[in-house]
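Take a look at the structure set out below.
The values are calculated or read from the model by the stated rules, or taken from the named source; none is laboratory data. The structure presented is a predicted model; accordingly, all values stated were derived computationally and were not measured. Please note: Cβ atoms are built from the backbone with ideal geometry, for glycine as well, and neighbour counts cover all protein chains shown. Areas reflect the complete protein model, heavy atoms only, side chains present, ligands, DNA and RNA absent. Shrake-Rupley method; radii C 1.70, N 1.55, O 1.52, S 1.80 Å.
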Amino acid sequence: MTVALTAAEVAAKKDNLWGFTIPITALFGAILGILAGQAAGLGILTGLVAGLVMGAVIAFVLCRFLPRRTGRWAAIIGFAVLGFIFGQLGGALAGAICGAVLGWCAYWLHSGDYRAGVPPYATTRQVLWHNSFLFICGFIFFFLIAPIIIIIPLSFNAQDFFTFTPEMLALKAEGFSTKHYEDFFTNQDWLRPMRNSLIIAPFATVISVTLGTLAAIGLSQSHVPFRQTIMAILISPMIVPLIISATGMFFFYSKMGLWMEDTLGISKSLSGYIKVILAHAALGIPFVIITVTATLVGFDKSLTRAAANMGANPVTTFFKVQMPLILPGVISGGLFAFITSFDEVVVVLFVGAAAQKTLPWQMFTGLREQISPTILAVATILVIVSILLLTTVELLRRRSERLRGMSPG
Amino acid sequence: MSPCNTGDNIMTDATGPMMAADGRPLKASLNRALRRQKLRALALIAPLLVFIMFTFIIPIGQMLFRSVENQIVSDVLPTTVAALENWDAETGQAPDEDVFYALTQDLMVAVEKKQHTRLGSRLNYEMTGISSLFRKSGRSVDDIGEVYADQFIDLDPRWGEAEFWADLMGAEGLTPDMPFEMHPDVFTTFARAAPAYAAFAATIASEDGDDPREEEPWNSVYLALYEDLKEAPKFTNAPKGIEIMSEFAPQVVDFETIDLAAEFADIDEDWVDPAVWQTIQTYAPEFTNGYFLNSIDRQKTPDGAEWRPEDEQIYLKLFWRTMLMSLAITGSCILLGYPVAWLLANLPMRTANVLMILVLLPFWTSLLVRTSAWKVLLQQQGVINDLLVWIGIVADDNRLALINNATGTVIAMTHILLPFMILPLYSVMKTIPPAYLRAAKSLGATNWTAFWRVYFPQSVPGIGAGSILVFILAIGYYITPEIVGGTKGVFISNRIAYHISSSLNWGLAAALGTILLALVLVFYWLYDRIVGIDNVKLGG
């Protein structure tokens, strides 16, 4: 609070509009102007000069005459109108973005907010470094998230291209369509893998969660012989490169499949599913172990002793006392196991037959051989699924922390 | 770790006299309780351990075993391998008639069992051309010995009858519904024809379900018979078939004969090439280090292991490239992950949680989605190139090659593995009190000194944990390099997959896999030592 105040005072004391805010805003304007000039085909120099002038004017007008909120909206609307004249709807959007950036920039510099994160005694170089650092972090976050976000608009492409068409950039309705989604929901080449994935993943999850939770409870006891070795073995499916697991399983499971078909008389298709489910269960186990063990670390063992003291047998104690408390961990472990199986392609590629083709497998073949834009529609759907999963896991984690907070760990 | 330690509880439960409540000595009672506790823990773990053993550890163990296993040569060519033992490659001569005789017999069985092509492709890994040599020979080997078959049948038409052969070789008292069995004595009388006939009988029975009593033997059996009769040994006692032996032995002396080596040379000149035989001899043992030598670009020669020719050395380079690219990926993950983790650890909780979602969303998004996104973005006609052309940094006819090379792999995998770097770094940085930095600064340190001398050393464990995790995951990656790596950006995993599914050189794939696994396990062990497996964190 004091810091912000002092910073504002410092800024207010010397009105640095001409020496600071206007030149820097003009610089930003020039950069945006170069981009806009290039895009509109006016040439770099024209864009640079126009941007420079516009940045300076914006900074002067906004900081001198308009309060913050009004000024920023004015900048956005003004630039949007300007963009609309040059490039219709797409131009308007680009203009609005430019306006927002310049408007924010002008106020941010003029009000002294740019010093909010550093102590008032910081030198110019320190302030510059602090803000560059924030910009760098912003770019890294952009790098993390942009590739995932960008496929969402691309999946509505009306053409079979993997880039934005001019129609899309101009935000024209004919540039967009849901035809790739229609293809996904009507094409058996995609629906069958989808169904297979939805069969295999839940079964694999159930196996890994059941066995994994039991083992995690065993591992969290205070006296476990060879604990370190056992843990290393149980975590190994996560560490061993998938290609090695896949190769090993390829040989072993093909023999096991023959044995199941010949000795047990199981049909070829069923034995194929069993093989993939077992393989995926093995791959999901480390995730269950890790999450459930982490939850059990904070589990108060006096609760089970209290239950036993009051006459509950171990099974009742487990289901009535321990299970409800570790349930969030178990569920997030299960979600991890589910996504591992749902997302897995190397092992199923080697262990499964064509009848067990899963969604990632189909995507993989699609990417390697005949890359079809339907992949982007599938990818978008999967991104939405992962957002839902992430939200669930986050909520569960918070709940688990709350529960743990209640009981003295 | 939980402060509640059950060991202490036992002590508190049973404090007091040295006798436990049930009257036993306290020590024994405690031991029993401890033992029971251990057993209960193990019983809970056991199902999963067994499951992992069967679905994961044993399959991998078996796969590793394939890297040294080499039974196929001695399985398919058992007598040839035995006969070759006396042959010395140094002479520069093709082996003698005995070896070619053994080869005829072995190859006949192998062709019927369709094993000769597999053996051919196995030996082809060691010497190019052997595969076609075996395939070609497989088509013609049944003609060898035909000249003897014709002469025997000319001599006595009974030799052309299946029944006559079966009576000569078969056990006594065989009824037609019993499976055919050899008479033990004929192996003494017909030292060569009997094993040849036995092999014939067993092969047609197992492969086609035929009865030798209804099939005329192969030409190679006549060849064996001729070899026996030619020598016409004298027996003191009279085992089965001796009368046939003495009846025909004098008559074969003026048979038209053939030179087996010449016959094989007729099929393919390579059979008299000592190099082919040397390869067979070198790879005859049941276990070999040949695959491992192969996977480090060396080869077996009579003088021991040698480097392969310069232009055939690919694997060491590939391992080296895999390591370098994994290091590059780890390095760029540190560069990108460190500032972000620092920011997250130092922001107020609420803001940090929101930004954390930007890290966790890629982590939860399907690998295939992220890889396809990069494939779409990095293409020559993709979004990034379009953007660069649009801004004017890159000329339209000179678009950057960002995909199907090492650049594409490094960019895409850095993005994919970055969360694995940020999360451990974040959890370590959370534990570093911000007061340390302030204290350093108030004692007169510059920003840089305070960071480098005070903060950075404390964050090193996080860098270590993240780097090892990223490196382990990167070194074995398959999917992403396969899709965005082209030929220049692939890893050793892609080569393993190629040998498993395309070239079918499983032994070499297993050897490469063993080396890769060993590398990974070294780093896993390091990770366990430095971080502890228990401390692996998933999603914050």
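Matching residues to (1) in contact (Cβ under 8 Å) with a residue 24 or more places away in the chain; (2) of a type in the set (D, E, K, R); (3) buried (at least 16 other Cβ atoms within 10 Å of the Cβ); (4) away from chain B (no Cβ under 12 Å):
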residue: A:PRO314; (1), (2), (3), (4): no, no, no, no
residue: A:LEU325; (1), (2), (3), (4): yes, no, yes, yes
residue: A:GLY333; (1), (2), (3), (4): yes, no, yes, no
residue: A:MET363; (1), (2), (3), (4): no, no, yes, no
residue: A:GLU369; (1), (2), (3), (4): no, yes, no, no
residue: A:VAL378; (1), (2), (3), (4): yes, no, yes, no
residue: A:GLU394; (1), (2), (3), (4): no, yes, yes, no
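Of all residues being aromatic (Phe, Trp, Tyr) and more than 8 Å from chain A (Cβ to nearest Cβ) in the range B:507-526, which is farthest from B:TYR125 (Cα to Cα)? Just the residue, please.
B:TRP525
Which of the following residues is facing chain A (nearest Cβ under 8 Å) and over 37 Å from the mean Cα position of the chain (by Cα): B:LEU358, B:LEU368, B:LEU377, B:LEU400?
So the residue among B:LEU358, B:LEU368, B:LEU377, B:LEU400 that is facing chain A (nearest Cβ under 8 Å) and over 37 Å from the mean Cα position of the chain (by Cα) is B:LEU358.
Collect the residues in the range B:136-156 that are among the charged types (D, E, K, R) and either under 14 Å from B:GLU263 (Cβ atoms) or surrounded by fewer than 14 Cβ atoms within 10 Å (Cβ to Cβ) (or both), keeping them in residue-number order.
Across the range B:136-156, the qualifying residues are B:LYS136, B:ARG139, B:ASP142, B:ASP143, B:GLU146, B:ASP154.
Does any residue of the range B:455-478 turn out to be hydrophobic (A, V, I, L, M, F, W, C), more than 39 Å from the chain's Cα centre (by Cα) and more than 22 Å from B:ARG66 (Cβ to Cβ)? Step through it out loud before you land on a result.
Just the residues of the range B:455-478 that are hydrophobic (A, V, I, L, M, F, W, C), to begin with: B:456, B:460, B:463, B:465, B:468-475.
In the following step, the residues that additionally are more than 39 Å from the chain's Cα centre (by Cα) were identified as B:456.
Keeping just the survivors that are more than 22 Å from B:ARG66 (Cβ to Cβ) gives B:456.
Scanning the range B:455-478 turns up at least one residue that is hydrophobic (A, V, I, L, M, F, W, C), more than 39 Å from the chain's Cα centre (by Cα) and more than 22 Å from B:ARG66 (Cβ to Cβ).
For the range A:262-291, give me each residue that is in contact with a Leu (Cβ under 9 Å, 6 or more places away or on another chain) and away from every other protein chain (no Cβ under 11 Å).
Across the range A:262-291, the qualifying residue is only A:SER271.
Between a residue in the range B:479-507 that is without any contact (Cβ under 8 Å) to a residue 12 or more places away in the chain and surrounded by fewer than 24 Cβ atoms within 10 Å (Cβ to Cβ) and any residue that is among the small types (Gly, Ala, Ser) and assigned to a helix (DSSP H, G or I), which pairs come within a Cβ distance under 8 Å, given they are 6 or more apart or on different chains?
Sorted first by the residue in the range B:479-507, then by its partner, the pairs are B:ILE500/B:ALA509.
Please give the helices (runs of 4 or more DSSP H) falling wholly within the range B:56-121 in which 3 or more residues are open to solvent by 50 Å² or more (accessible area, probe 1.4 Å).
Ranges flagged: B:58-65, B:78-84, B:97-113.
Do we have any residue at all in the range A:177-197 that's open to solvent by 30 Å² or more (accessible area, probe 1.4 Å), of a type in the set (Gly, Ala, Ser) and more than 8 Å from every other protein chain (Cβ to nearest Cβ)?
yes
Sort out which residues of the range A:112-134 are more than 13 Å from chain B (Cβ to nearest Cβ) and basic (Lys, Arg), and write them in order of number.
A:ARG115
Using the structure shown, decide if A:LEU89 is among the hydrophobic types (A, V, I, L, M, F, W, C) and out of contact with any Gly (no Cβ under 8 Å at 6 or more places or on another chain).
Yes: the conditions hold for A:LEU89.
Looking at A:GLY78, A:GLY37, A:GLY47, A:GLY55 in this structure, which one is more than 16 Å from B:GLY392 (Cβ to Cβ), crowded, with 20+ Cβ neighbours inside 10 Å and out of contact with any Lys or Arg (no Cβ under 6 Å at 6 or more places or on another chain)?
Numbers: A:GLY78 fails: crowded, with 20+ Cβ neighbours inside 10 Å; A:GLY37 fails: more than 16 Å from B:GLY392 (Cβ to Cβ); A:GLY47 fails: more than 16 Å from B:GLY392 (Cβ to Cβ).
Selected residue: A:GLY55, the only one of A:GLY78, A:GLY37, A:GLY47, A:GLY55 that is more than 16 Å from B:GLY392 (Cβ to Cβ), crowded, with 20+ Cβ neighbours inside 10 Å and out of contact with any Lys or Arg (no Cβ under 6 Å at 6 or more places or on another chain).
So which residues in the range B:294-317 are polar (S, T, N, Q) and in contact (Cβ under 8 Å) with a residue 24 or more places away in the chain? Break it down into steps so the answer makes sense when it comes.
Narrowing the range B:294-317 to residues polar (S, T, N, Q): B:294-295, B:299, B:301, B:313.
Answer for the range B:294-317, where residues must be polar (S, T, N, Q) and in contact (Cβ under 8 Å) with a residue 24 or more places away in the chain: B:ASN294, B:SER295, B:GLN299.
In the range B:410-434, what residues are open to solvent by 50 Å² or more (accessible area, probe 1.4 Å) and either outside any helix (DSSP H, G or I) or away from chain A (no Cβ under 14 Å) (or both)?
Scanning the range B:410-434 gives B:LYS430, B:THR431.
So which residues in the range A:304-356 are hydroxyl-bearing (Ser, Thr, Tyr) and under 30 Å from B:ARG495 (Cα atoms), if there are any at all?
A:THR340, A:SER341
Do any helices (runs of 4 or more DSSP H) entirely within the range B:122-197 hold 1 or more residues that are β-branched (Val, Ile, Thr), and if so, which?
The helices (runs of 4 or more DSSP H) meeting that bar are B:130-140, B:146-155, B:186-189.
Looking for whichever is exposed (fewer than 13 other Cβ atoms within 10 Å of the Cβ) and in a helix (DSSP H, G or I) here; the options are B:PRO461, B:PRO457. Which one fits?
That would be B:PRO457, the only listed residue that is exposed (fewer than 13 other Cβ atoms within 10 Å of the Cβ) and in a helix (DSSP H, G or I).
Would you call A:ILE339 within 8 Å of chain B (Cβ to nearest Cβ) and either closer than 26 Å to A:SER386 by Cβ or surrounded by 18 or more Cβ atoms within 10 Å (Cβ to Cβ) (or both)?
Judged against the criteria, A:ILE339 is a match.
Restricting to the range A:140-165, count the residues that are more than 9 Å from chain B (Cβ to nearest Cβ), open to solvent by 20 Å² or more (accessible area, probe 1.4 Å) and modelled with pLDDT under 85.
Of the residues in the range A:140-165, 3 are more than 9 Å from chain B (Cβ to nearest Cβ), open to solvent by 20 Å² or more (accessible area, probe 1.4 Å) and modelled with pLDDT under 85.
Answer yes or no: is there a residue in the range A:125-143 that is of a type in the set (Val, Ile, Thr), more than 21 Å from A:ALA30 (Cβ to Cβ) and in contact (Cβ under 8 Å) with a residue 60 or more places away in the chain.
no
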